[in-house]
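Down below is the structure, laid out as C-alpha cells.
Each reported figure results from applying straightforward, stated rules to the coordinates on display, with no laboratory input. Source: prediction; values computed, not measured. All Cβ positions, glycine included, derive from the backbone under ideal geometry; neighbour counts span all protein chains shown.
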Amino acid sequence: MAYQIYTASLLKEGLVTYLCLGTDGAFWSTDINKATRMDEQHLHILKAEAEYAAQANIVVGPYPITVTSNDQGLIPVEGREKIRAFGPTITLPSDPVRPASDLHAA
Amino acid sequence: MYQYSQADHQLLQERVAQFRGQVQRRLRGELSEDEFKQQRLRNGLYLQLHAYMLRVAVPYGLLSSNQMRTLAHIARKYDRGYGHFSTRQNIQYNWPKLEDVPQILDDLAAVEMHAIQTSGNCIRNTTSDPLAGVARDEVADPRPYCELIRQWSTFHPEFNFLPRKFKIAVSGAIHDRAAVAVHDIGLRLVKDASDELEFEVYVGGGLGRTPMIGKLIRASLHPHDMLTYLEAILRVYNRLGRRDNLYKARIKILVHETGEEKFRDLVEAEWQEIKASSLRLANEDIARIQSHFKDPDYELLSDFDHDFDSHLLTNPDFANWASKNVELHKKDGYRIVYLSLKSRNQPTGDVTADQMDAIADLADRYSLGAIRSTHRQNLVLSDVKLADLHHLWLELVKLDLATPNYNHLTDIISCPGMDYCALATARSIPIAQALTERFDSYDYINDLGDLSLNISGCINACGHHHVANIGILGVNKRGVEVYQLTLGGSAREDASIGKIIGPAFTSDEIVKAVADILKVYLDKREGPEEAFLAAYRRLGQAPFKEKLYG
C-alpha cells in the first residue's frame, strides 16, 4: 500500500529531512523511517505542519512524496526520492556513509 | 598569476561581509527563501538534492599551491573530505552547511579566491586553455585577457540580472582546448596577415536542450576593443534576450531567432556608440595585466634526458603514462603533465582533501607552485622538468592520479547526475564507472586512440555530451533511467554537435552498446591512424546503427 509523507531540506544544513508528528508535536528527522505517513484523505494535516515549518525557517521547500513500506522500512516510490532518502548510489571518495546501492537497483 | 590589489582584497572582504549579513538575516527569518535565493546564487550557493552545494571560482583554471591547500582545508573542515572539479574549471563542494558558508568564503578570500558569480543569471567564470602560457601551439597567452574580462564582469551594474547565465571562453592557441565554439561568447586569439594580434569573436554557442555552434560575428577585433565589443554584445542580449521563457533565454536563441547578419548589425550599431569610451583598453592596461603572467625563470635545459629515456625503455607502465598524460612544453627540457581524475576508484573529477594537499606539495616541488584545472575535469602541472618526470609519476601512482588515459576512452567527462543534482533525470556517475571498469585494458584503450566520451544526467548537458565523439544522455522514461547515444561531436577547433543514433538503452544495455560502437570503429577504420571522429565522419551513422539495432 502506498502512503504520503512530507519531505524538505533543512534550512541550516541543507540536508534532506522528513516531517514527523510526535506526542510533543511536529519535528523533522533525517531518518525517513521516522516520517509520519498519511493517506490522501489526511494529507492536509501534514501539509499544514510542513508549511508552518517553512514559514518558521526550519525547512525549505516542503512537498509530499509517495512511499511504500517493506521489512527495511519506508521506501520512496520515485527513484530520485530514493536517492534523496538513502544518499548517492556511489561510494564517495572519503565518505563514512555507506552507499545506498544495496537498497535500490542501480 | 594575477596578484590581488588592495582594491581587489577590499572588494572580496566587503562581499563576504555582505553575504554573512544576508545569511544571518535568512537564518533569523528576516529574508524569505525567495528573497535569499538570488543572493545565495550570486555567491555560488545552490540547494541541491542532498544538501547545499558551493561552487568556488577558479578563474581561467589557474590555482596556486597555497590556494589548493585552502581548498583541501575547506573540504576537510566544512565538507566531507573531497571536492569536485567541474566542466567550467571550477571546484564544487557538495555538503556545506549554510551557517558555515560565510566562514568558507572568508577562508577563500584570505587566499584570493571566491564564489562570486559562479551561479545566477550573470556573467560566470571565464574559462580558458589549461595550457595557456606553456603550449607549443600558442599564438598568444589568453590569461591576461581572461583576467581583464573577470575584472570587467564582476559586479557589472548592467549585467547582474541577465535573461540567463552567460559563459565566456578564451583560447590563444591553434588547437582549441577551451571549447570556445560552444560558449555564449568564444574568443580566439589569432594573428592577421601582418602578424598583428587580433580576436575572432564567436557568439551564440551552447549546449543544453538546444545545442549550437557559435557564429563568427566578427573575424577581426583589435585587443584594445575587446571589452567595448563584449559590452556591446551583452547590451544587445540584455535588451533583447527572452525573459518570458526560461528555455529560450540564452543568447544562442537570440542569435538564432534574430539571424546572424541582423544580430551582427545590432552589435555593431551598439558598439559604435561605446567603442571610444573609457572602456577601450590602452596598451598600458593590457601590459599591466600581462605583467602578472610573465614567464617564470625557466632554466636552460636540454630536451634530452638519459634517465627519462632509460625509464621509457625499461618501465612499460611509465612509458604508457608518458605517452598519454605528458605533453611537450614550449621550453626545451620541460613537460606539461596531466593529473588524471579519472581512476576507477572514485567519481570523475573528484579529489580528496588528502590528494589536494599532496598535489599542492607536488606543484611546489615539481611545477613552480602552480596547478591548472581543465574543462575535461582533470588537473595540470604545467612546468615539470623532463628529468623529474619519473619521480613525479611514482608519486602520482601512489596518489591514484596517474591513470594513463588522457584524451582516451576512459577520460570520461561526467556531470554529477542524479546522485547529486536536483535537476538531473538520470544517474551519470555509475555509468561512467561501469564503462571505466568494462574498458580497463590499456592495450585496448591505446589501440582506440584519441576518443572522447562524455555523459550528462539530463538535458542541461553539464557533462558536455553533445560535443563528445561518443555522447551519453541520461533521461527518465516512465520512471526508468534510460541512456541516449550521440555520435560525432567535437569540442575542438573542428567543433560539431553529436547526432542521436537511435532509441535509448537501459543502464544494463548501455555499456554493451558502447562496446558495439567501438567494434564498428575498429573493424572499419582505415588503419590505426584514423581516429574515431574521422572514421565516423567518413562512414556516417549507418554502420553504427546497423550494429546497434540490426
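Results, tabulated for the structure shown:
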| item | result |
| --- | --- |
| Shape box of region B:1-42 [Cα atoms, principal axes, largest first, Å] | 39, 16, 11 |
| Cα shape, chain B, gyration tensor, a/c 1.5 rule | rounded |
| Region B:33-171: mean projected area of Cα convex hull, nm² | 9.1 nm² |
| Radius, Kirkwood style, for region B:235-303 when every pair of distinct Cα atoms is counted (Å) | 15.9 Å |
| Size of electric dipole in region B:326-379: Cβ of Lys, Arg +1 and of Asp, Glu -1, about Cα centre, debye, nearest 20 | 320 debye |
| Anchor B:K77: lysines whose Cα lies under 17 Å away (excluding residues fewer than 8 positions away in-chain) | A:K12, B:K97 |
| For region B:433-550, projected area of the alpha-carbon convex hull averaged over all directions, nm² | 7.4 nm² |
| Column: log10 I(q)/I(0), Debye, Cα scatterers of region B:6-109, q = 0.15 Å⁻¹ | -0.62 |
| Dipole of chain B, positive direction: furthest Cα of B:G44, B:S373, B:Y202, with charges on the beta-carbon | B:G44 |
| Number of partner chain Cβ atoms within 10 Å, mean per residue of B:43-51 | 4 |
| Of the DSSP H helices in chain B, those whose Cα atoms cover at least 18 Å axially and whose Kyte score averages -1.0 or more | B:65-78, B:226-240, B:353-366, B:510-524 |
| Residue among A:A48, A:G73, A:G61 farthest towards the positive dipole end of region A:3-86, charges placed on Cβ | A:G61 |
| Centre separation in Å (Cα based) which lies between region B:22-61 and region B:384-426 | 29 Å |
| Region B:306-398: C-alpha pair distances exceeding 15 Å, % | 59 percent |
| Span per principal axis, largest first, for the Cα atoms of region B:135-282 (Å) | 45, 34, 29 |
| Protection proxy ranking of B:106-119, B:295-308, B:19-32 - average other beta-carbon atoms within 10 Å, highest first | B:106-119, B:19-32, B:295-308 |
| Rule-of-thumb Rg ratio for region B:261-357 [Cα; 2.2 N^0.38 Å; N residues] | 1.87 |
| Cα shape, region A:3-86, gyration tensor, a/c 1.5 rule | oblate |
| Point-charge dipole on Cβ atoms (K/R +1, D/E -1) for the protein assembly as shown, about Cα centre, debye to 20 | 1920 debye |
| Part-to-part distance (alpha-carbon centres) for region B:226-267 and region B:268-289, which is given in Å | 20 Å |
| Semi-axis lengths (Å, descending) of the ellipsoid that matches the C-alpha gyration tensor of the protein assembly as shown | 39, 31, 26 |
| DSSP bridge orientation in chain B - percent antiparallel, rounded to nearest 5 | 80 percent |
| Entries in B:K165/B:K331; A:K82/B:K512; B:K324/B:K524 that, when Cα-Cα distance is taken, lie over 31 Å | B:K165/B:K331 |
| Shielding by partners - mean other protein chain Cβ count within 10 Å, residues of A:3-16 | 4 |
| Relative contact order (%) - criterion: Cα under 8 Å, at least six apart; region: region B:413-549 | 19 percent |
| Dipole magnitude of region B:6-109, debye to nearest 20 (Cβ charges: Lys/Arg +1, Asp/Glu -1, about Cα centre) | 220 debye |
